[in-house]
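S.K.: Before I ask anything, here is the structure I am working with.
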Amino acid sequence: MIIVMKPRASEAQVSGVIHRVESLGYRTHLSRGEETTIIGVIGDDRPIDRTQFELLDGVEKTVPILKPFKLASRDMHPADTLIFLNGQNVGGLQVIVIAGPCSVESRSQILEAAHAVKEAGATALRGGAFKPRTSPYSFQGMGEEGLQLLAEAREATGLPIVTEAMSPEQIVLVEKYGDVIQLGARNMQNYTLLNAAGEARKPVLLKRGMMSTIEELLMSAEYILAKGNSQVMLCERGIRTFEKYTRNTTDINAVPVLKQLTHLPVILDPSHGTGKWEYVSAVAKAGVAAGADGLIVEVHPNPSEAMSDGAQSLKPEKFAQLVKDVRRVAEAIGRS
Ligand code: PEP
Ligand code: MN
């Protein structure tokens, strides 16, 4: 960081700040301009709370230089992180597609959905067994039985399973039955859960909170990485804005911004991003054109009977068309 002194800061104030910085084990670089003196702090100063310097006599402000996320940053790790999933590298040349219902509802529903998305070309099957619902009276998911059905659908189709965990105990279960641990938007800043996902040995799909900034998403990923799990995929799933025609506003900007800031793969969720099945395909294509490494799409054999998120779920034939359209977009930008 750089500490900028007030225009008429005294010598005693400047040396007081230098003394304080050096007492914390950092070196300093002093630069005196015609009006302002600035003190550069040398070393990784991310652990220090900058406000403590702003409270010292004679200090005007502090300016951070290092990005607050270290392990997630492309500066530290220029090459793309690749996460192996069903014979493909997420984050590589191939754009992957995770698809399936919002919730696992029954054996026949998840098997039918699994066969349909596999047929259409999906890379992995999604389906929630533990559901984060706004209302406690809404369907909460089938729990462990749902996970067993997902494992059965993997047996039947060969598709790996992406499914959400809402607590550290559920992470243990998802690790047992599933292949990718999904952490939902509502839990993006649940630090106990992030730490537990960091200790897991399966890849994590971390969804952006609906009211979180891109930097907050990266800081949450940093928790998982700092605990030793390097297999993190980030997911843009729409943020809350004033717009009412859609459920959320898909932040397409986040895709190229994240690709620049981090080496982690970026997945786009056009289903939660729009909330309406009519717009899902268009936004999926936009996401791939913008550089997303994959999509996660809600598909239900019979959306009008879905127990959650039916309005944004595609029928299998519409999903098959989406895959065809997205393939052409991927090829247009040199991917497959
Ligand atoms: C989901 O994927 O069904 C889900 C609950 O997503 P989000 O956490 O993005 O709302
Ligand atoms: Mn859903």
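S.K.: Whenever you get a sec, compute what percent of the accessible area on segment 52-141 sits on carbon and sulfur atoms (1.4 Å probe).
M.R.: The computed percentage sits at 53.
S.K.: Tell me, what does the Kirkwood hydrodynamic radius of segment 7-148 come to in angstroms if you use every pair of distinct C-alpha atoms?
M.R.: The answer is 20.8 Å.
S.K.: Still on this structure, I have one more. Please list, ordered by chain and number, the residues whose modelled amide H lies under 5 Å from the amide H of residue 314; skip anything fewer than 5 residues away on the same chain.
M.R.: Close amide H contacts, sequence-distant or interchain: 298, 299, 300.
S.K.: At 222 nm, what helix-only mean residue ellipticity would the chain give, in deg cm²/dmol to the nearest 500, using -39500 (n - 2.57) for each DSSP H run of four or more?
M.R.: -11000 deg cm²/dmol
S.K.: Name the residue, out of 236, 155, 164, whose mean-square fluctuation peaks in a Gaussian network model built on the chain with Cα pairs under 10 Å.
M.R.: It is 155.
S.K.: Then there's this: Label the chain by shape, choosing from rounded, prolate and oblate, from the square roots a ≥ b ≥ c of the eigenvalues of the Cα gyration tensor; if a/c is under 1.5 it is rounded, and otherwise prolate applies when a/b is larger than b/c, oblate when it is not.
M.R.: Working: a/c = 2.47, a/b = 2.21, b/c = 1.12.
Prolate shape, in that a/c is at least 1.5 and a/b is the bigger ratio.
S.K.: Follow-up. Using modelled amide H (1.01 Å from N, peptide plane; none on Pro or chain starts), what sits under 5 Å from the amide H of residue 37, excluding residues fewer than 5 places away?
M.R.: 5
S.K.: Let me ask something else. Measure nothing fancy, just the Cα-based angle from helix 144-157's long axis to the longest principal axis of the chain, in degrees from 0 to 90, nearest 10.
M.R.: Helix 144-157 sits roughly 70 degrees off the main axis of the chain.
S.K.: Report the one residue of 217, 116, 146 whose Cα lies farthest in the direction of the positive end of the charge dipole of the chain (charges on C-beta: Lys and Arg +1, Asp and Glu -1; origin at the Cα centre).
M.R.: Toward the positive end, the furthest listed residue is 116.
S.K.: Follow-up question, since we're still on this one. How large is the accessible surface per residue of the chain, computed with a 1.4 Å probe and reported in Å² as a whole number?
M.R.: 45
S.K.: To continue, here is another question. Out of all Cα-Cα pairs in segment 155-261, roughly what percent, to the nearest whole number, are more than 24 Å apart?
M.R.: 26
S.K.: With the cut-off at 29 Å, tell me which of the pairs 70/118; 70/202; 176/285 have Cα atoms farther apart than that.
M.R.: Too far apart for the 29 Å limit: 70/118; 176/285.
S.K.: Within the chain, what's the longest run with no chymotrypsin sites (Phe, Trp or Tyr not before Pro) in a DSSP loop and at most 10 other beta-carbon atoms within 10 Å? Give the range, please.
M.R.: After excluding every exposed loop site, the longest remaining stretch is 1-136.
S.K.: Right, another one. Might you report the magnitude of the Cβ-based charge dipole of the chain about its Cα centre, with Lys and Arg at +1 and Asp and Glu at -1, to the nearest 20 debye?
M.R.: Roughly 360 debye, rounded to the nearest 20.
S.K.: While we're looking at this one, here's another question. Go ahead and set up a Gaussian network model of the chain, Cα springs under 10 Å, then flag whichever of 49, 325, 309 fluctuates most.
M.R.: 49
S.K.: Now, a different point. Would you mind telling me which residue in 149, 24, 85 has the biggest mean-square fluctuation in a Gaussian network model of the chain, where springs connect alpha carbons within a distance under 10 angstrom?
M.R.: In the Gaussian network model the winner is 24.
S.K.: Follow-up question, since we're still on this one. Where in the chain is the longest stretch that carries no trypsin sites (Lys or Arg not before Pro) classed as loop by DSSP and with at most 10 other Cβ atoms within 10 Å?
M.R.: With trypsin sites (Lys or Arg not before Pro) excluded where exposed in loops, the chain gives 9-200 as its longest stretch.
S.K.: Can you give me the C-alpha center-to-center distance between segment 199-278 and segment 144-182, rounded to a whole angstrom?
M.R.: 20
The values are calculated or read from the model by the stated rules, or taken from the named source; none is laboratory data. A quick note: this is a predicted structure, and the numbers were derived from the prediction, not measured. When we count neighbours, we look across all protein chains shown, and the Cβ atoms used for this are built from the backbone with ideal geometry, even at glycine. For the accessible areas, the whole protein counts, side chains as well, though only heavy atoms, and no ligand, DNA or RNA atoms are used. Shrake-Rupley method; radii C 1.70, N 1.55, O 1.52, S 1.80 Å.
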